[in-house]
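All remarks here apply to the structure that follows.
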Amino acid sequence: MKPVLSEAELKRLKEYKFKAEGASILNYVLKDFWGYLVEQIPTWVAPNVISFLGLAALVITTFPLFLYCPTATEEVPWWFYTNCITGLFIIQTLDGMDGIQARRTGNGSPVGAIVDSACDIVALGIGLTSVCVAMQLGNSPEWIFYFHLICFVLDFVVYWKYCFLDVVHHELLESDEYLAIMMTIHAVSAIFGPAAWSAQVFSAELEVRIIVLALILVAYIFIIFEATVFISKQRNKGSNAGLRGSSHLRTACPLLIHVMLALATKGASALQTYPILYYLMLGLAHAKITIVLRVADATKSKMPLIDTSMLGPAMLLLSSFLGDYVSEYFVLCLALMLVGLDLVVYSTLVLRESCDYLNISCFKVKDKS
């Protein structure tokens, strides 16, 4: 199989250094709690194991919700939502612990930085979809669609912004705060039932969920605008041989194609009937291109113009033109499997090639001696 990373990219990856300053609101509050938990973990536990365990916990706890709510309009017992809260809390906690464990054991590496980011990116798509189920957003198909789309664009653009910073300055609102918002939404559904989000308020008789979504989207659009302005001012700045040295259009091309494919498949019947499958597929496809962006930054290489993750949405678009000749549900399931497989294969190859070149193990702590 053809290597994913070239020799030159692996050499630049070896020189990659990730630096971060500052902390978000919850990071300040929870860092002592995370530090205490890390002290209870043996030093032979690799940081990447902690990262993957957090993602696995989220997948396991949200799977029942997706299984019983395929249209995001169903109501399930309260413990489905508390399961999701547990998964979100676990990934938030373990995500805060893996970096501390890396410094504690002296096993920080570029591979660890990529693994941590990749788990966060995949978790975003899963968490967003679980929130939509908790709020029964399947009853508002336009809102659920643009909520996902804007969140995916936000995630990509924020990571792109970080690519221009030699030292990442964490904002007051980061992934920990987003996860806390998701947990709060699930808590409301668990206590009052998801029907609480349909309650109408004010004279305009607006639903609570629409007001909450509107406030979130306004804040996200502002962040996207601020990050886009920042990126546009960084043209040809710095000595980075990759993203800083390539045109903004080239870097944005995979995101733009994904957005266009999402808009083109918006009217597919499979989306109306099985929205959860659709948004999981879209979320994994988005995660793949954002991880590619992260790898391109770490290896100082140019962003590819197209990506194999685009095959999933493209298949659904093609099936919509074929009408009754092919089942859109079958194509959607196939697209989800292909996009998921593509993400796993790419991530596995990147990790294997990187670890082989750097002479480290992804899931074992390197002996200090």
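Residues that are more than 25 Å from the chain's Cα centre (by Cα) and among the hydrophobic types (A, V, I, L, M, F, W, C) were ranked within the range 1-23; the one that is surrounded by the fewest Cβ atoms within 10 Å (Cβ to Cβ) is 1. Out of 61, 82, one residue alone is buried (at least 19 other Cβ atoms within 10 Å of the Cβ) and not in a loop (DSSP other than H, G, I, E, B). It is 61. When 26, 53 are screened for being touching a residue at least 40 places away in the same chain (Cβ under 8 Å) and buried (at least 18 other Cβ atoms within 10 Å of the Cβ), only 26 passes. One residue is enough: does the range 259-272 have a residue meeting the conditions within 25 Å of residue 98 (Cβ to Cβ) and not small (Gly, Ala, Ser)? No, the range 259-272 contains no residue that is within 25 Å of residue 98 (Cβ to Cβ) and not small (Gly, Ala, Ser).
Checked against (1) closer than 30 Å to residue 12 by Cβ; (2) touching a Phe, Trp or Tyr at 6+ places or on another chain (Cβ under 8 Å), residue 118 meets all criteria but (2). In this structure, does residue 274 turn out to be more than 30 Å from residue 44 (Cβ to Cβ) and aromatic (Phe, Trp, Tyr)? Against the criterion (more than 30 Å from residue 44 (Cβ to Cβ) and aromatic (Phe, Trp, Tyr)), residue 274 qualifies.
Here's the yes/no breakdown for (1) exposed (fewer than 15 other Cβ atoms within 10 Å of the Cβ); (2) basic (Lys, Arg); (3) part of a helix (DSSP H, G or I):
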{"site": "303", "(1), (2), (3)": "no, no, no"}
{"site": "309", "(1), (2), (3)": "no, no, yes"}
{"site": "319", "(1), (2), (3)": "no, no, yes"}
{"site": "330", "(1), (2), (3)": "yes, no, yes"}
{"site": "333", "(1), (2), (3)": "no, no, yes"}
{"site": "339", "(1), (2), (3)": "no, no, yes"}
{"site": "342", "(1), (2), (3)": "no, no, yes"}
{"site": "351", "(1), (2), (3)": "no, no, yes"}
{"site": "356", "(1), (2), (3)": "yes, no, yes"}
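Output the residues belonging to the range 266-313 that are β-branched (Val, Ile, Thr) and under 13 Å from residue 152 (Cα atoms).
Taking the range 266-313 and keeping what is β-branched (Val, Ile, Thr), we get 273, 276, 289-292, 295, 299, 306, 308.
Once the filter is applied, which keeps residues that are β-branched (Val, Ile, Thr) and under 13 Å from residue 152 (Cα atoms), the range 266-313 yields 289, 290, 291.
None of the figures in this text is laboratory data; all of them are computed from the coordinates on show. None of the values given here were measured: they were computed from a predicted structure. For neighbour counting, all protein chains shown are included, and Cβ atoms are generated from backbone atoms with ideal geometry for every residue, glycine included.
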